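Structure record follows, encoded as structure tokens.
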Amino acid sequence: MPGHKMKALDGPFMLAFGTGSTWRKEDPEALNTRLIEIVKEALELGYRHLDTAELYNTEREVGEAIKQSGVPVSEIYITGKVFTMSDIQGAFGRTLQRLGVDYIDLYLLHYPYFAKSKEDLQAAWAELEAIYDSGRVGAIGVSNFTGDHIETILETARIRPVCNQVELNPYLPRIQLQEYHKKHGIQTFAFSPLSPIVRATPGPLDSELTSIAEKHGISTALALIRWALQQDIAVVTTSTEKARMKDHLLALNASLPPEEVALISKLGAEKHFRGRWNDKFAADDRR
């Protein structure tokens, strides 16, 4: 049994390279050689946190890229997520097999909406606790959960979630959820951090982000990633272009003045945009 070698979700691990659903293959049995090369490139550039999931169907590529990269797996933080809630133990075993490892750093319940009752959610979390007890994962957490969902699992949990990975950016800052996380010692982990410049334009941030980027000689993408990191929000982002991959990585060693972080938050509050799970939230629900 590997035993716990828990890495803290901090430092360079606060910026994850994502291998999400955009990489899904038409032939699920065929390796996506382009993705393997992209992930190898990310590791060569200095990324040390790789984010994948059963649902993405990219675990084999991530494992192959790690193997080919020559970077010791002990230096890489690997996040996985379970989607097959009817067989969590089996799904985890298959994840390890596809990745070619016997241990990962973080395993998440990918979504809460499978549950037909509070007991379903609590039972799924108990399965993750059992996986943690087996010593094959460093930490366990959740994804796409609201505070109410987390409250449900905390009613019976022995181990609290280390993080909650959710859609989060200045147009969806999830202030109430962030406060809940801080109260319970849960790390906020953002996906879709670049929506204000990728999916939600035009918007009130457009000119100000451009102004901030030009002032500091950085990209608007880097400014958005810094907005999150400087609020102790871990970030998962991705790109297929080496120049953008390098640019995003610079966020680990850049900084914005606090007043600019506050200005981005203020302007972001003027627009509400949610790209995922819209069927689960009312149009004006900002949780």
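The values are calculated or read from the model by the stated rules, or taken from the named source; none is laboratory data. Every value quoted in this text rests on a predicted model; they were computed, and no experiment measured them. Cβ sites come from the backbone with ideal geometry, for glycine too, and all protein chains shown count toward neighbours. For the accessible areas, the whole protein counts, side chains as well, though only heavy atoms, and no ligand, DNA or RNA atoms are used. Shrake-Rupley method; radii C 1.70, N 1.55, O 1.52, S 1.80 Å.
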Checklist entry - Which peptide among 231-238, 58-65 comes first, and what is the full order, when sorted by highest mean count of other Cβ atoms within 10 Å? => result 58-65, 231-238
Next on the checklist: Once each part is reduced to its C-alpha centroid, what is the distance from the stretch 72-91 to the stretch 139-164 in angstrom?
Outcome noted: 17
Checklist outcome for this item: To the nearest 0.05, the calculated FRET efficiency linking Lys25 and Thr84 through their beta-carbon distance, R0 being 25 Å, is 0.85
Checklist entry - Taking a point 7 angstrom from the Cα of Arg276 along the C-beta vector, which residues in the stretch 155-170 have backbone N less than 19 Å away? => result 161-170
Checklist outcome for this item: Per principal axis, largest first, the Cα atoms of the stretch 11-167 extend in Å by 43, 35, 29
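Any idea of the accessible area per residue across the stretch 11-167, 1.4 Å probe, to the nearest Å²?
That works out to 38 Å² per residue.
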Checklist entry - Say each of Ser134 and Ser74 gets a label point 7 Å from the Cα, pointing the same way as Cα to Cβ; how far apart are those two points in nm? => result 2.3
Item to check | the chain, dipole about Cα centre (Lys/Arg Cβ +1, Asp/Glu Cβ -1), debye to the nearest 20 | outcome: 160
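Quick one: Kirkwood hydrodynamic radius for the chain, alpha-carbon pairs, angstrom, one decimal?
Numbers: mean 1/r = 0.0516 Å⁻¹.
In the chain this quantity evaluates to 19.4 Å.
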Checklist entry - Among Ser255, Ser211, Ser69, which one shows the biggest mean-square fluctuation in a GNM of the chain, springs joining Cα atoms closer than 10 Å? => result Ser211
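As an exercise, identify the GluC sites (Glu not before Pro) in the stretch 181-284 lying in DSSP coil whose Cβ has no more than 10 other Cβ atoms within 10 Å. Intermediate values should be presented prior to the final figure.
Values: sites: Glu208, Glu214, Glu241, Glu259, Glu260, Glu270; in loops: Glu241, Glu270.
Here the GluC sites (Glu not before Pro) that fit, given the DSSP loop and packing criteria, are Glu241.
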Item to check | Formal net charge of residues neighbouring Lys242 (Cβ-Cβ distance under 10 Å; K, R +1; D, E -1) | outcome: -2
Item to check | Evaluated at q = 0.19, 0.28 Å⁻¹: base-10 log I(q)/I(0), Debye formula over Cα of the stretch 215-287 | outcome: -0.91, -1.27
Item to check | Spin-label pair Leu55/Lys116, simplified geometry with 7 Å Cα→Cβ offset, distance in nm | outcome: 2.0
Next on the checklist: Using each residue's phi in the stretch 197-202, evaluate 6.51 cos²θ - 1.76 cosθ + 1.60 at θ = phi - 60° and report the 3J(HN,Hα) Karplus result to the nearest Hz, with x for Gly and Pro.
Outcome noted: 10, 10, 10, 10, 9, x
Checklist outcome for this item: Excluding ligands, DNA and RNA, the carbon-plus-sulfur percentage of the accessible area of the chain with a 1.4 Å probe reads 50
Checklist entry - What lysines sit close enough to Lys242 to cross-link, taking a C-alpha to C-alpha distance under 23 Å and skipping anything fewer than 8 places away on the same chain? => result Lys25, Lys40, Lys67
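Report, in deg cm²/dmol and to the nearest 500, the calculated mean residue ellipticity at 222 nm for the chain, where each DSSP H run with n ≥ 4 adds -39500 (n - 2.57) and the sum is divided by the residue count.
Details: 11 runs with 114 residues, N = 287.
So the calculated ellipticity at 222 nm is -12000 deg cm²/dmol.
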